[in-house]
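Participant: Okay, handing you the structure first.
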Amino acid sequence: MSERIGRRAILAGSAAAAVVAFDPIGRSWVTTAHASCGAGGISIPNLDGELTVDPAAIAEAADDFGHIISRTPIAVLRPASAKDIRKMVKYANDHGLKVAMRGQGHSTQGQAQVQGGVVIDSRTLNVIHSITNKRAVVDAGVTWSALVAASIADGRTPPVLTDYLDLSVGGTLSVGGVGGATNRKGVQLDNVIELDVVTGKGKLVTCSKTKKRDLFEAVLGGLGQYGIIVKATLRLEAAKESARIYRLIYADVDQYVADQVTLADDERFDYLEGQVQPNGLGGFQYMIEAAAWFSDPNLPDDDDLLDGLSFDSSTVEDQPYEQWLRRLEPTIAFLKLIGIWGFPHPWLDLFLPASEAASFVGTALTTVATDTQDPILFYPFKRSKLTRPLFRVPEEDVVFLFDILRTAPPIPGVPEALVDLNRSLYDIAAAVGGTRYPISSIPFDPSDWEQHYGDEWENVIELKCEYDPNNVLTPGQNIFP
Ligand SMILES: Cc1cc2nc3c(=O)[nH]c(=O)nc-3n(C[C@H](O)[C@H](O)[C@H](O)COP(=O)(O)OP(=O)(O)OC[C@H]3O[C@@H](n4cnc5c(N)ncnc54)[C@H](O)[C@@H]3O)c2cc1C
């Protein structure tokens with residue numbers, strides 16, 4: 001039986017080794033077995049869910065999709081209510097513990113890990129409370145995949161979705177949430193109406209653009225530093241039935257960038273992404289991937305959509321809209337089947353000013369094997385669509401996302417060398433105005449964060465002092481060590 005604590009467990013007098021208290025001197029949990037021998041400690045609050053020290057839960061929380069960094073918590077909270085989170089954050093404040101929420105654990109550099117503290121597993125907070133015409137109210141642990149399934153059944157869709165949907169709402173709202181619709185509709189952060197947040201002081205607060213706006217803007221893209229999102233009200237819009245997908249191939253990077261900027265500017269597509277791919281001839285080619293949503297009988301006009309573009313070749317394909325949203329699922333199922341999904345992922349994720357994009361990517365590609373299987377994303381979006389101050393991108397009208405989604409062999413030293421390479425590439429990008437998308441594996445210390453936040457840095461410090469003065473929340477980001 002797992003070692004765990006919860007009100008129900010205590011009342012039932014169940015597990016002999018259930019946690020009943022925290023020993024602040026030994027920094028360990030006191031179980032019922034210790035307590036019966038007279039060991040003391042500070043009682044844990046009554047919980048609707050459970051606090052576990054089960055080794056499997058601890059090992060999972062000490063790891064993430066990156067499989068590069070590992071920090072071991074002393075317990076994992078599986079909350080059954082926002083109240084549980086409030087109580088645990090208060091308890092952490094009182095007893096010098098650190099706490100972080102973990103969504104689906106898809107960070108690549110320990111961002112949701114807590115050495116010697118408590119990880120809160122949001123997967124038990126997973127209720128879709130309501131879906132109406134224009135909005136969905138969901139717990140933070142709900143995945144975008146679950147929300148898509150429920151909302152499309154009602155003919156609605158979130159306006160912006162990530163390429164992969166098995167990410168938690170709380171996890172992407174803490175970082176950004178970039179996708180093909182970003183050029184028209186901003187990132188997922190820009191499509192939130194209201195949040196329930198447990199602040200670093202352990203207070204449950206409802207916030208929005210018109211209510212406690214400073215907290216609302218702090219937690220959206222706040223990397224878990226000021227509060228834990230427990231519930232979100234998200235914008236929905238009408239879903240079309242189908243997607244027409246255009247894949248346009250370019251040999252020349254400058255032409256590719258020029259056409260991408262044109263498309264970003266005139267917003268003719270509903271969805272705009274793009275990739276760098278091996279060309280099979282010892283080099284690379286560039287692919288615009290753009291889509292138009294439609295429902296019969298209003299078909300997209302191919303001539304209009306492709307007008308003025310200078311691609312070398314193209315393909316066009318129609319898919320049902322939801323199938324398009326779930327396009328990565330078969331590949332990921334296969335990668336899981338053959339075990340590669342569990343390999344280390346030292347991801348490089350950057351934002352580049354459009355004027356520097358071609359030149360930077362040329363430099364970055366000199367470090368990539370020309371037969372790489374790693375996806376390399378390279379696509380633009382308009383800065384004017386972004387509304388949240390803590391989501392940091394370069395100061396140009398059009399910004400490019402550039403990601404090398406690396407899978408490394410689990411050979412000691414190899415993933416670490418790629419993390420070092422990421423850092424070198426980040427330094428080159430930062431020198432020309434690029435920024436880090438904080439989901440990536442790039443070592444950052446507080447002076448890097450100061451540079452990252454630029455003129456928002458003082459605000460960041462003020463928000464931390466206001467909402468998490470004891471620096472309890474989310475140490476894995478290394479902003480306030
Ligand atoms: C296969 C794959 C595909 C991806 N595709 C995209 C993509 O297309 N676009 C994109 O933008 N990103 C993408 N990402 C990155 C992804 O958006 C981030 O890694 C995101 O943070 C993962 O969500 P998660 O639920 O796993 O969060 P976690 O990794 O568990 O947490 C991320 C951070 O948020 C904090 N956090 C988590 N939940 C909360 C909460 N409720 N309140 C406050 N803080 C919280 C954590 O403490 C941590 O610091 C992808 C990642 C993977 C692995």
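The values are calculated or read from the model by the stated rules, or taken from the named source; none is laboratory data. As the structure is a prediction and not an experimental result, all values here were calculated from the model. Glycine also receives a Cβ, built like all others from the backbone with ideal geometry; neighbour counts cover every protein chain displayed. In case anyone asks, the SASA skips ligands and DNA or RNA and just uses the protein heavy atoms, side chains included. Shrake-Rupley method; radii C 1.70, N 1.55, O 1.52, S 1.80 Å.
Participant: Find, among the GluC sites (Glu not before Pro) in segment 371-472, those assigned to loop by DSSP (not H, G, I, E, B) with at most 12 other beta-carbon atoms within 10 angstrom. Write down the numbers at each step before the final one.
Facilitator: On the way: sites: E395, E396, E416, E450, E456, E458, E462, E466; in loops: E395, E396.
Here the GluC sites (Glu not before Pro) that fit, given the DSSP loop and packing criteria, are E395.
Participant: Using alpha carbon coordinates only, what is the Rg to Rh ratio of segment 242-444, with Rh defined as the Kirkwood radius? Please list the in-between numbers first.
Facilitator: On the way: Rg = 17.6 Å, Rh = 18.1 Å.
In segment 242-444, Rg relative to Rh is 0.97.
Participant: Summarise the accessible area of the chain (1.4 Å probe, protein heavy atoms) by the percent that is carbon and sulfur.
Facilitator: Numbers: 9880 of 19110 Å².
Here carbon and sulfur together make up 52 percent of the probe-accessible area.
Participant: Taking the alpha-carbon distance from K87 and a cut-off under 14 Å, which aspartates and glutamates remain once sequence neighbours fewer than 8 residues away in the same chain are dropped?
Facilitator: D48, E50
Participant: Enumerate the aspartates and glutamates that K240 could reach by cross-link, defined here as Cα to Cα under 13 Å, with residues fewer than 8 away along the same chain left out.
Facilitator: D154, D270, D296, D318, E322
Participant: Sticking with this one: Show which lysines lie in cross-link reach of K209 when reach means a straight Cα distance below 25 angstrom and same-chain residues fewer than eight apart are skipped.
Facilitator: K83, K134, K185, K201, K231, K382, K385, K464
Participant: Suppose all protein chains stay in the model; what accessible area per residue would a 1.4 Å probe give for the chain, in Å²? Walk me through the numbers on the way to the answer.
Facilitator: Numbers: 19110 Å² over 481 residues.
Using a 1.4 Å probe on heavy atoms only, each residue of the chain averages 40 Å².
Participant: Here's another thing I want to ask about it. What span do the alpha-carbon atoms of segment 279-324 cover on each of the three principal axes, reported in whole Å from largest to smallest?
Facilitator: Principal axes ranked by extent give 43, 27, 10 Å for the Cα atoms.
Participant: Packing-wise, with mean Cβ within 10 Å as the measure, how do 408-414, 469-475, 253-259 rank, highest first? Show your work: numbers first, answer last.
Facilitator: Details: 408-414: 11.3, 469-475: 21.6, 253-259: 19.0.
The most tightly packed comes first, giving 469-475, 253-259, 408-414.
Participant: Separate question: Per residue Cα convex hull volume for the chain, in cubic angstrom?
Facilitator: Numbers: hull volume 71.3 nm³, N = 481.
Value for the chain: 148 Å³ per residue.
Participant: Among 420-433, 91-104, how do they line up from the highest to the lowest mean number of other beta-carbon atoms within 10 Å?
Facilitator: Averaged packing, sorted descending, gives the order 91-104, 420-433.
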